Amino acid sequence: NRVYKKKHGRRPTRLREDCCGTSILCAKWVTKDAANTAIGLDLDAPTLAYAKERHIDPLGTERAKRVTLIERDVLDGYKEEVDVCVAFNFSFCTFKERSTMVDYYRSVRKSLANGGAFMLDIHGGPEAQVEAEEETDHGDFVYVWDQGSMDALSGFAKRHIHFRFRDGSEMRNAFSYDWRVWSLPEIQDMLRDAGYSKIEIFWEGATKDGEGNGIFRRVSRAENEDSWIAYIVAWA
């Protein structure tokens with residue numbers, strides 16, 4: 001909302017969430033304004049059914065009717081025009097070939113209204129390229145980010161999420177990802193090749209102890225910290 005309004009003087013109303021999974025962003029979007037509509041694309045029917053039951057139907061009839069969930073490969077695109085399309089949670093990293101990625105970016109651009117924005121997030125830094133396991137305690141369970149090895153020649157890498165519980169049990173590989181570790185320069189080059197007019201990078205700030213503070217600001221240069229998260233905004 002902030003970034004789009006700064007450019008256009010108004011908030012966006014039409015959102016598309018690619019690889020939407022449980023579609024929680026679609027659900028949150030339509031609660032923010034009665035004019036907001038959302039489209040969610042995902043190729044997994046059971047996940048979309050779960051999304052509808054868990055996050056869309058509980059919105060109530062009026063809000064739920066402003067969300068459209070579609071079983072579709074995002075590479076096939078969608079004809080309805082939107083103000084903003086997002087591909088978050090690093091979902092686009094499942095596309096391992098440059099030609100496929102450029103085709104995807106072009107498909108998204110075709111669905112954007114004039115001056116529309118395509119927004120992505122990206123994780124990088126030296127730590128993104130090495131094996132690691134990181135635990136986060138959430139009280140009732142421990143969230144485990146399991147980062148497998150990366151092939152130096154291809155950039156292909158496996159990632160997993162496990163959950164460990166207080167009774168000693170564990171849910172291993174609750175989520176698994178088969179990715180290519182793309183760099184920011186590569187992504188920007190592909191977006192330019194796909195015809196986007198302007199690309200902006202929003203970098204996360206840090207607390208006094210060096211941890212990410214969740215505040216992202218537009219930058220023209222950035223230090224390659226050990227581990228970082230950034231947002232990319234590409235304008236049609």
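The values are calculated or read from the model by the stated rules, or taken from the named source; none is laboratory data. For clarity, every value in this text was computed on a predicted model and none was experimentally measured. As a convention, Cβ positions derive from the backbone with ideal geometry for all residues, glycine included, and neighbour counts pool all protein chains shown. Calculation scope for accessible area: heavy atoms of the full protein, side chains included, ligands and nucleic acids excluded. Shrake-Rupley method; radii C 1.70, N 1.55, O 1.52, S 1.80 Å.
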_Residues satisfying the stated conditions in the range 18-41, i.e. aliphatic (A, V, I, L, M), in contact with a strand residue (DSSP E or B) (Cβ under 6 Å, 6 or more places away or on another chain) and within 20 Å of THR61 (Cβ to Cβ)_ = VAL30, ALA38, ILE39
*Could you look through the range 133-153, keep only residues that are in contact with a Ser or Thr (Cβ under 9 Å, 6 or more places away or on another chain) and surrounded by fewer than 17 Cβ atoms within 10 Å (Cβ to Cβ), and pick out the one that is farthest from ASP18 (Cα to Cα)?*
VAL142
_Pairs please, first residue from the range 225-236 and more than 26 Å from SER111 (Cβ to Cβ), second anywhere and part of a loop (DSSP other than H, G, I, E, B) and open to solvent by less than 40 Å² (accessible area, probe 1.4 Å), Cβ atoms under 7 Å, 6+ apart in sequence or on different chains._
GLU225/GLY125; ASP226/GLY125; SER227/GLY125; TRP228/GLY125
*Collect the residues in the range 32-62 that are of a type in the set (Val, Ile, Thr) and within 20 Å of the chain's Cα centre (by Cα), keeping them in residue-number order.*
THR37, ILE39, THR47, ILE56
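Condition check ((1) closer than 19 Å to ALA128 by Cα; (2) in a loop (DSSP other than H, G, I, E, B); (3) in contact with an Asp or Glu (Cβ under 8 Å, 6 or more places away or on another chain); (4) among the small types (Gly, Ala, Ser)) across all residues:
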residue	(1), (2), (3), (4)
ARG192	no, no, no, no
ILE199	no, no, no, no
PHE202	yes, no, no, no
PHE216	no, no, yes, no
VAL233	no, no, yes, no
*For the range 214-224, how many residues meet the condition of being without any contact (Cβ under 8 Å) to a residue 24 or more places away in the chain and in contact with a Gly (Cβ under 9 Å, 6 or more places away or on another chain)?*
4
*Filter the range 199-230 down to the residues that are open to solvent by 40 Å² or more (accessible area, probe 1.4 Å) and of a type in the set (Val, Ile, Thr), then identify the one that is nearest to the chain's Cα centre (by Cα).*
ILE229
*asked:* Criterion first (at pLDDT below 95, farther than 12 Å from SER23 by Cα, over 20 Å from the mean Cα position of the chain (by Cα) and not polar (S, T, N, Q)) does LYS65 satisfy it?
replied: no
_Enumeration of residues in the range 90-123 that are assigned to a strand (DSSP E or B), under 14 Å from the mean Cα position of the chain (by Cα) and small (Gly, Ala, Ser)_ = ALA117
*asked:* Looking at the range 90-112 only, could you name the residues that are of a type in the set (Val, Ile, Thr) and surrounded by fewer than 20 Cβ atoms within 10 Å (Cβ to Cβ)?
replied: THR94, THR100, VAL102
